[in-house]
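Notes follow the structure.
The values are calculated or read from the model by the stated rules, or taken from the named source; none is laboratory data. Small disclaimer: the values here were computed from a predicted structure and weren't measured. So basically every Cβ, Gly included, is an ideal-geometry build from the backbone, and we count neighbours across all protein chains shown. The protein model used for the area step is the full one, side chains on, heavy atoms only, and it has no ligands, DNA or RNA in it. Shrake-Rupley method; radii C 1.70, N 1.55, O 1.52, S 1.80 Å.
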Amino acid sequence: MKLLLLEDDDLLAESLMECLQDSGYRVDLATSLSVARSLMGTESYALAVLDLGLPDGSGLDLMNQWRQQGRDLPILILTARDTWEDKVVGLEGGADDYLTKPFHEAELLARIKALLRRRTGHVQQEVSLNGISLDEANQCVRLQDGNWHMLTGTEFRLLRYLMHHPDRVLSKDHLLNQLYSLDQDAAAPNLVEVYVARLRRLLGKGLIQTRRGQGYVFVSR
């Protein structure tokens, strides 16, 4: 899943990106409102983490603008503004959660996971579809024979995205966009094909189907 992080503190942004990436997320960083607007206009994000005090304005104004545009992605405010009045303004302004600095990374990750679970309808950390179960906390999958198998980072991100969007045709470009962030080197065009093939060898060929000229579908039943 791909996240947007809006944070202008270089050291904190670097730490947050490392934490989120280690947890299996792809992250695009924006250090200003203008960059965040540009990214939101061209990229697809599962969730946004927003600071409020930015060099070119307030994160609240940007969030209000997104909500007025009909963007309904979960938004978590991460800020040093810690009064109850600030929290009320943020939540009533369209935020789905509000976390104040300083914070523990484990709490931030737990809040992000909770927002994403509510968003996708999967309440548990273990997602089960068509005879297989994905353990998101430990990045492993249980097959129909009951055995668990560890996944590589890319295998996990790809399978998690497919299982959170079952029975939908997902193009190769869309999947590639979810697997890699903008600041990474360009991925090979056939990377999705390579990892779909690896997942098929592990899960069986019937779970991830090809729609010729369109993309791939994870079959839920």
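List of remarks:
- Among the residues examined, Arg111 qualifies as in a helix (DSSP H, G or I), modelled with pLDDT of 90 or more and open to solvent by 30 Å² or more (accessible area, probe 1.4 Å).
- Of all the listed residues (Asp51, Asp97), the sole one being of a type outside the set (A, V, I, L, M) and under 17 Å from Ala13 (Cβ atoms) is Asp51.
- One residue stands out among those in region 144-182 that are under 18 Å from Arg201 (Cβ atoms) and aromatic (Phe, Trp, Tyr): the one that is most open to solvent (accessible area, probe 1.4 Å), which is Trp148.
- Residues located in region 54-98, provided they are more than 22 Å from the chain's Cα centre (by Cα), under 15 Å from Ser34 (Cβ atoms) and free of Cβ contacts under 8 Å to residues at least 40 places away in the same chain: Asp56, Gly57, Ser58, Asp61
- Tally, over region 8-35, of residues that are among the hydrophobic types (A, V, I, L, M, F, W, C), open to solvent by 60 Å² or more (accessible area, probe 1.4 Å) and under 14 Å from the mean Cα position of the chain (by Cα): 1
- Meets criteria (open to solvent by 60 Å² or more (accessible area, probe 1.4 Å) and among the charged types (D, E, K, R)) for Glu92: yes
- Any hit, region 91-101, residues being part of a helix (DSSP H, G or I) and over 23 Å from Glu43 (Cβ atoms): yes
- Scanning region 30-47 turns up one or more residues that are in a strand (DSSP E or B) and out of contact with any Asp or Glu (no Cβ under 7 Å at 6 or more places or on another chain).
- Leu20 within 30 Å of Met163 (Cβ to Cβ) and not assigned by the TED database to the domain that holds Leu175: yes
- Residue within region 38-47 that is crowded, with 16+ Cβ neighbours inside 10 Å and polar (S, T, N, Q) present: no
- Region 135-145, residues that are at pLDDT below 90 and more than 18 Å from Ser220 (Cα to Cα): Ala137, Asn138, Gln139
- The set of residues from region 39-51 being modelled with pLDDT of 95 or more and over 13 Å from the mean Cα position of the chain (by Cα) comprises Leu50, Asp51.
- Among (1) farther than 20 Å from Arg119 by Cβ; (2) at pLDDT 95 or above - the single one Asp10 does not satisfy: (2)
- Scanning region 66-90 for residues that are acidic (Asp, Glu) and assigned to a loop (DSSP other than H, G, I, E, B) yields Asp72, Asp82.
- In region 195-203, the condition of being within 21 Å of Arg26 (Cβ to Cβ) and open to solvent by 70 Å² or more (accessible area, probe 1.4 Å) is met by at least one residue.
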